[in-house]
Amino acid sequence: MQPTSTSATSRLSANTSSRAGDMNHTSNEAVRKSINKPRFATDIVSPSNPYQEIFTFLFWIGVCTLTVVLWTAYPAYLPVLHCVLAPILFVIRYFQYKVVKWQFLFLDVCYSFNLLFLIFLLLKPQSAELFQVVCILFTGPVISGVIPFRNSLVFHDMDKMISVFLHVSATLVLYKIRWYAPDTSLIWNAWIGKTIQPQNLNTSSFWLMAVPTICLYMHTILYHLIVNVIIKPDETYATSYRLISVMKGSFTYRMMHRFGPRYAEALYHGIYASLSTAFVVIAQIAYHYQAAHLALLTSFLLIVVWNGGSYYVHIFSRYKTLKARQENNGENQT
């Protein structure tokens, strides 16, 4: 064995130091990422089976097409479609969320009010008071949830499409009941034996403004008591606040952290209460004027479509970039 020269030894020492430095840098980066990373799952894992995504894509294309056809030409079948799909989709979502510890999201306002809407359809379809409360809640606070939670029309993603259904479907049905009640209740009357035609509709500010606002605030109080006082889930479970708190590019996140992380949760509830009340006020206009109602509904639908288009553009651009890098690496190796 020949002795190693001094220059070779120095080069070896330099390489070893460089590698050690790289390892330390990588280790430090990993530590920093692990500290900043939330302890709960931040997304639903997409299915690895491509056939499942194809089935999901075709299923939701069919549902959206059928919804458009029924909404425009056969509104009597629209409540039936909603009542058939809602329980199935919510059961699917429960098992999706249970795996990633998101089940506390079922206590959110959109799920509670969707249950209230089903109670209206199945048990009290002629109650003017209940209709007014549900209509205001969905036309304002519920459908406005597509903005902070970035609902997207992504047909191959079951989780994203269920979120769209959750915020939009009942709102579409309520629009038809509000302005075309006789046509919307034909099948319901024949099958269920009850007419979806609330009697003695009036413009009482108590049922249109006071009760919906009270419902929102009471839900917020009960939610806080159940989640933060009684159950107190550990950091591996997701809640609405925790999900919003990791959306660092969103407007809600910036407003929440305007005065630092110490007051973020209090500001979250304050922003939620303020915006919900504002959308209740906006919903009053939609309730009284059909053109305003249609314009508001169309605006939120366009947001959902825009988010879906942005998602696909982002995914396709990443795919093209990755493919170009792979081709360049292949050419360099040859």
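The values are calculated or read from the model by the stated rules, or taken from the named source; none is laboratory data. The structure displayed is predicted, hence computed values, not measured ones. Positions of Cβ are generated from backbone atoms using ideal geometry, with glycine treated the same way; all protein chains shown enter the neighbour counts. To get the accessible areas, we keep the full protein, side chains included, count just its heavy atoms, and leave off ligands, DNA and RNA. Shrake-Rupley method; radii C 1.70, N 1.55, O 1.52, S 1.80 Å.
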If residue 288 meets every condition in (1) out of contact with any helix residue (DSSP H, G or I) (no Cβ under 8 Å at 6 or more places or on another chain); (2) without any contact (Cβ under 8 Å) to a residue 40 or more places away in the chain apart from one, which number is that one?
(2)
For region 236-266, what are the residues that are more than 20 Å from the chain's Cα centre (by Cα), open to solvent by less than 50 Å² (accessible area, probe 1.4 Å) and among the hydrophobic types (A, V, I, L, M, F, W, C)?
264
All but one of (1) under 24 Å from the mean Cα position of the chain (by Cα); (2) surrounded by fewer than 17 Cβ atoms within 10 Å (Cβ to Cβ); (3) at pLDDT below 90 hold for residue 115; which doesn't?
(3)
For residues in region 280-289 being part of a helix (DSSP H, G or I) and open to solvent by 60 Å² or more (accessible area, probe 1.4 Å), which is modelled with the lowest pLDDT?
288
A careful count of residues in region 218-235 that are open to solvent by 60 Å² or more (accessible area, probe 1.4 Å) and not in a helix (DSSP H, G or I) gives 3
If you check 155, 165, which single one turns out to be touching a helix residue (DSSP H, G or I) at 6+ places or on another chain (Cβ under 7 Å), aromatic (Phe, Trp, Tyr) and open to solvent by 30 Å² or more (accessible area, probe 1.4 Å)?
155
Please verify whether region 236-244 includes one or more residues that are hydrophobic (A, V, I, L, M, F, W, C) and without any contact (Cβ under 8 Å) to a residue 60 or more places away in the chain.
no
Checked 213, 298, 277 against criteria (in a helix (DSSP H, G or I), of a type outside the set (Gly, Ala, Ser) and open to solvent by less than 30 Å² (accessible area, probe 1.4 Å)); the one match is 213
Of everything in region 178-210, what is β-branched (Val, Ile, Thr) and surrounded by 12 or more Cβ atoms within 10 Å (Cβ to Cβ)? Give them in sequence order.
184, 187, 192, 195, 196
Only one residue in 313, 305 is open to solvent by 90 Å² or more (accessible area, probe 1.4 Å), farther than 30 Å from residue 204 by Cα and not polar (S, T, N, Q), so which one is that?
313
